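Trainee: Dropping a structure here in structure tokens format, bear with me for questions.
FYI, it's all coordinate maths here, none of it is from the lab. As the structure is a computational prediction, the values presented were derived from the model and not from experiment. Using ideal geometry, Cβ is built from the backbone for each residue, glycine included, and neighbour counts are taken over all protein chains shown.
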Amino acid sequence: MSPNGVLSFVVCATSLIVYYNSCQCGFVFDDISAIKENRDLRPHTPIQNLFVNDFWGTPMHKEQSHKSYRPLCVLTFRWNYAIHQLEPMGYHLVNMLLHTVVCYLYFK
């Protein structure tokens, strides 16, 4: 294996090892509002809501909205919900994998 390949492996392995312990944890802090209580993650909610609601599922035009617009993030939560429902381990695994991909791409 080339030195660059070894370093790539080290970067990816490190990012997985560092966050592995999160897999056994539950939802904390804003996960309750962003995942457990967010109606936009449910399959019966129209997918268009991801593009008109904020991160928390509140319509952007409402005064109560935090104006935090992250439709791609909410879409990944919706996919997680479709596969894992409200099981935190699935969300943590996806976050670990996404973090590893970002670390690898940044390294490259």
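Trainee: Name the residues whose placed amide hydrogens come within less than 5 Å of the amide hydrogen of N53, ignoring near sequence neighbours (fewer than 5 apart) on the same chain.
Mentor: M60
Trainee: Relative to the longest principal axis of the C-alpha atoms of the chain, give the angle of the C-alpha long axis of helix 88-107, reported between 0 and 90° and rounded to the nearest 10°.
Mentor: Helix 88-107 sits at roughly 50 degrees to that axis.
Trainee: Kindly state, to the nearest 0.05, the FRET efficiency for M1 paired with N95, given R0 = 25 Å and r defined as their beta-carbon distance.
Mentor: About 0.35, to the nearest 0.05.
Trainee: In the neighborhood of P88, defined by Cβ-to-Cβ distances under 14 Å, what is the net charge if each Lys or Arg adds +1 and each Asp or Glu adds -1?
Mentor: Within the 14 Å Cβ shell, the charges total -2.
Trainee: Something else now. Express the relative contact order of the chain as a whole percentage, based on alpha carbon pairs under 8 Å and six or more residues apart in sequence.
Mentor: Reported as a whole number, the value is 35 percent.
Trainee: Now for a different question. Let me know the Kirkwood hydrodynamic radius for the chain, please, with Cα pairs as the basis and the value in Å to one decimal.
Mentor: 15.4
Trainee: Based on DSSP H runs of at least 4 residues, each adding -39500 (n - 2.57), what is the mean residue ellipticity at 222 nm of the chain after dividing by all its residues, to the nearest 500 deg cm²/dmol?
Mentor: -16000 deg cm²/dmol
Trainee: Note the angle between two axes, namely the Cα long axis of helix 3-20 and the longest principal axis of the Cα atoms of the chain, as a number of degrees from 0 to 90, rounded to the nearest 10.
Mentor: Helix 3-20 sits roughly 50 degrees off the main axis of the chain.
Trainee: Between V52 and L72, how many nm apart are label points set 7 Å from Cα along the C-beta direction?
Mentor: 2.4
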